[in-house]
Every structure is written in structure tokens, then in C-alpha cells.
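Below: one structure, written as C-alpha cells.
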Amino acid sequence: MSTRTLISGGLVVTASDELHADVLVEDGRVAALAAHGSAAAGAWTADRTIDATGKYVIPGGVDAHTHMELPFGGTSASDTFETGTRAAAWGGTTTIVDFAVQSVGRSLREGLDTWYAKADGNCAVDYAFHMILSDVNERTLKEMDHLVGEGVTSFKLFMAYPGVFYSDDGQILRAMQRGAANGGLIMMHAENGIAIDVLVEQALARGETDPRHHGEVRKVLLEAEATHRAIQLARVAGAPLYVVHVSAEEAVAELAAARDKGLPVFGETCPQYLFLSTDNLEEPDFQGAKYVCSTPLRPREHQAALWRGLRTNDLQVVSTDHCPFCFRGQKELGRGDFSKIPNGLPGVENRMDLLHQAVLDGHISRRRWIEIACATPARMFGLYPQKGTIAPGSDADIVLYDPHAEQVISAETHHMNVDYSAYEGRRITGRVDTVLSRGELVIDQREYTGRAGHGAFVPRSTCQYL
Ligand code: DUC
Ligand code: ZN
Ligand code: ZN
């Protein structure tokens, strides 16, 4: 039997429009929109009506960069697919794109199947996968074609982490050539890891072991150089390029210069680079370890360039790079040696709220909020218009957002499985009230009503942003 839900009286905000409209949901999809109070909306019958008066009605967030359960630095990211997708829902994100990992010497198939198994039956919201290529060779290049065919249409390569995920320029060029042929989008971790490892060794030899040195050795110039090199390799291969977790002004400049030439080069930044800085890495008593991630946090002067890039569309997406490690027992692995601190920050629950605060602070418009957090990640990774918008035929992944509610972010109240918040004590105006995933209530007026196993794997088409 079909179920019809009417979402009535809210302000529908998408990347393109702001409308006082009612939304009719039928069988998990958006069936229709009509002006609130119109004869068309008045004629609708529904099994259930959700009153959205005074709220925004926005597409569920699409977080295109998460690492649930990632084995890294001798430990594993502390959010499982179950806890991480539940926290995502609490934060108004209804789709994650997580990174399956190929281990060195193993096939893409094996890595991807491991990630299917981790997620299957455990997710509260929908999920898709990118594939991390750790070992580019003839066999894995061929496998890329198969993955594109099954809806895993993007591949992350690392210019950093020698001996772990690192690919050399020849491997990168080959993967880009393959992506150019099969439609797979290459995502790049752009830091010169070979040079960074020299600086790490030299810093440790000088006795510079505190977390702040993580930021010092991972130099801005080595992000900018790698970004430049990745762009040139993509040009040679005739491939589009998406640079992940852009943190430095000089890296944005490389992207902007490429885009000014008309090249299909895209950039993502993350809330930690927009809201945090090296000041956090310098917090005493090893607290700075909470903020160790790569690319690293930068001096706060870089933030203006990132906001500008988001406004000018030199940066297109804000994802979280959610990769949580508890302070106790995990971040602590790096006491006395910053290079042993597992890299990563929690944030999947905080992204929509922090970006709403950025609207209030005047950094971006309300529609740009939805564009960089919902619509463009969906387009970039072949999920649009199923995800990322509210339009007839779209999945009814819908958030009722209270723009006036006040909250203070804290590990005491968050739902991520991690013992600290990177944004502890930060006051935010705006809060998720209700979340639907394919028409099912996952959060109902700030009560969790979802279930592990509701979330389904979503096969993706190739990039729709070219
Ligand atoms: N950066 C991180 O901070 N964590 C996981 C991997 C990465 O590239
Ligand atoms: Zn990375
Ligand atoms: Zn990442």
C-alpha cells in the first residue's frame, strides 16, 4: 500500500530556489511540490502531515568524504557504519560516500567486498563508495572499469603516505588515463609525502615531538606543489580531477589558476579548515593531538581564502573527511612522537550546522549552503537528482531544519562514537529537527526513530559536474 506524507508550511531551500511550498512524499520519493496555501496543495490527501512552519525544508546532506572503521596508524576509526551513519542522520546528512580501501598487493575487488560487508545491514542512511587505490598496476587498472560499471565511479590516489597509500607520478598518470577512458573521477590527496617524510624525520631528530610539529612539517608549499603537479598530470592524461581536503590558500590558488584556464579541476574543503587552525594544534597537554589530520590545519589566515573559494566556485564541495579517533587510547598512541598520532577528525554530525552558522556569519548564502553540502556533492559523484535536491522523483531525503534553535556543540551530547568534539563549546544557531530518509522518519522532532539496515548502498553514475 502506498504511503503519502505531506510536509507543510516550511521554506523549501534547494541550491537553486527558496519557496514557501508544501512537499508531497509518496513511496519514499518526492511526488510533488506546490505553493503553500495553493489549491493544488490543498487538494492533496496524505496519511501523515508534518508541520514545517518556521522551519527550512532542505535536501538531506551528502557527505562525500567519510572513513567509517578505517584501519589507519595501527588502529581503526572509532565510528562503525552503524554509529557513524546514525550520527550523520542526527546532523542532517542522509547520504555518505565512504572510502573502500585496496590494500597493497590485493585486488580492488577484495577491498570493495570488505567495505560492502562492513556496511551491509548496519547503516541508518544511504551510502555509496569511492575506492582508494593503494597499488596501481595492470590488473588493478583493469578492475577500475568493473568498479565504474557497478557504481563505484571515483578513485582516490595519494601523493602522501609513502609505504601505505602512496602512488608515484607514473602510477597516478596511468590511473588518470584509465579514468579518462572509463569515466571514473580521480580524487587526489595532494601533499608531497616523500618530502614530508624527510621533514618528519628531521623534526623528530631535533626532539620536536609535539602535535604542533605535525602542522609544521606538512608545509603549505608541499600541498601547493602536489596540487600543481596533480593538475598537470590530469592535463596530460586528459582527465578531470577532484582535489580532496584543500586546506591552504596556495593550493586554492593552483585550483583557481587551472579553472581560469577552463580545466575540469575541482576542489573540496572541510569544516576543520574553515573553523579550526594551528592554534588548536598548539593546545597544551597533548590536547593538540585531537586536531591532527592530513592535510593539516593551517594558520587562521588561510580561512579567508577558503571561504572566498567557496563563494567564487573555485572550491565546489564541503565534505567532512570524518575519520574519528578517540583521544584516550588512540590519539595517545602519538605521545612523544607526533608522527604516530592517528590522522583524522570527527565531524560527520557537525557539517550542516557549521555551514548554517557560516550563512549567519555572512560567508555564504543560504542556497550556497545547500549547493556545497547537498547538490554539488551529489552531482560531482553521480547521485543527482536522486540525492541532493527536493524535486519530483528525487528520493525523499529531507531535513526539517530549525534556523532559530540554539545549540552548543559538545561530546556530551553528540552521537559520534568518539570521546571528544573538535568543536567543543562552540555556539551554533540552527539545528536539525526532523530527518526523512527515502520517506522514512529517521529523526522525529529530535528523537531517533531510525534503524540500522534502513540505509542502502547506492550505485552511482559517473561525474555529472563536467
Ligand atoms: N587524512 C586524514 O586525516 N585521515 C585519513 C586519511 C587522510 O588522508
Ligand atoms: Zn586524504
Ligand atoms: Zn579522507
Taking all pairs of distinct alpha-carbon atoms in segment 139-288, Kirkwood radius in angstrom: 16.5
Students often forget the sequence filter, so: which lysines lie under 17 Å Cα-Cα from Lys142 once same-chain residues fewer than 8 apart are removed? Lys156
Among the aspartates and glutamates, which fall within straight-line cross-link reach of Lys261, defined as a Cα-Cα distance under 14 Å, with same-chain neighbours fewer than 8 residues apart omitted? Asp314
What FRET efficiency, computed as 1/(1 + (r/R0)^6) with R0 = 35 Å and r the Cβ-Cβ distance, is obtained for Gln464 and Val236, rounded to the nearest 0.05? 0.90
Between Ala205 and Ala257, what is the FRET efficiency for a Förster distance of 56 Å, r being their Cβ-Cβ separation, to the nearest 0.05? 0.95
Net charge near Thr94: determine it from the other residues with C-beta under 10 Å of the C-beta of Thr94, scoring Lys and Arg +1 and Asp and Glu -1. -2
Charge sum, other residues only, whose C-beta stays under 14 Å from Phe158's C-beta, Lys/Arg counted +1 and Asp/Glu -1: -4
Quick one: if you stick a label point 7 Å off each Cα along the C-beta vector at Glu110 and Glu332, how many nm between them? 3.4
In nanometres, what is the gap between the two model label sites at Arg446 and Asp168, each 7 Å from Cα along Cα-to-Cβ? 5.7
Counting only helical runs of four or more DSSP H residues, what would the 222 nm mean residue ellipticity of the chain come to if each run contributes -39,500 (n - 2.57) and the total is spread over all its residues? -8500 deg cm²/dmol
Using the Kirkwood radius built from alpha carbon pairs, what does the Stokes-Einstein equation give as D for the chain at 20 °C and 1.002 mPa s, in µm² per second? 97
At 20 °C and 1.002 mPa s, what whole-number value in µm²/s does Stokes-Einstein give for the translational diffusion of segment 53-187, with Rh from the Kirkwood sum over Cα pairs? 137
Can you give me the long-range amide H partners of Val97? Hydrogens built in the peptide plane at 1.01 Å from N, cutoff under 5 Å, separation of 5 or more residues or another chain. Asp63, Ala64, His65, Thr66, Ala128
In whole Å, how far is the Cα centre of segment 423-445 from that of segment 250-321? 25
For a quick size check, give me the Cα extents of segment 234-381 along its three principal axes, largest first, whole Å. 47, 40, 28
Centroid-to-centroid separation of segment 337-363 and segment 155-230 [C-alpha atoms, Å]: 21
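FYI, it's all coordinate maths here, none of it is from the lab. The structure presented is a predicted model; accordingly, all values stated were derived computationally and were not measured. Positions of Cβ are generated from backbone atoms using ideal geometry, with glycine treated the same way; all protein chains shown enter the neighbour counts.
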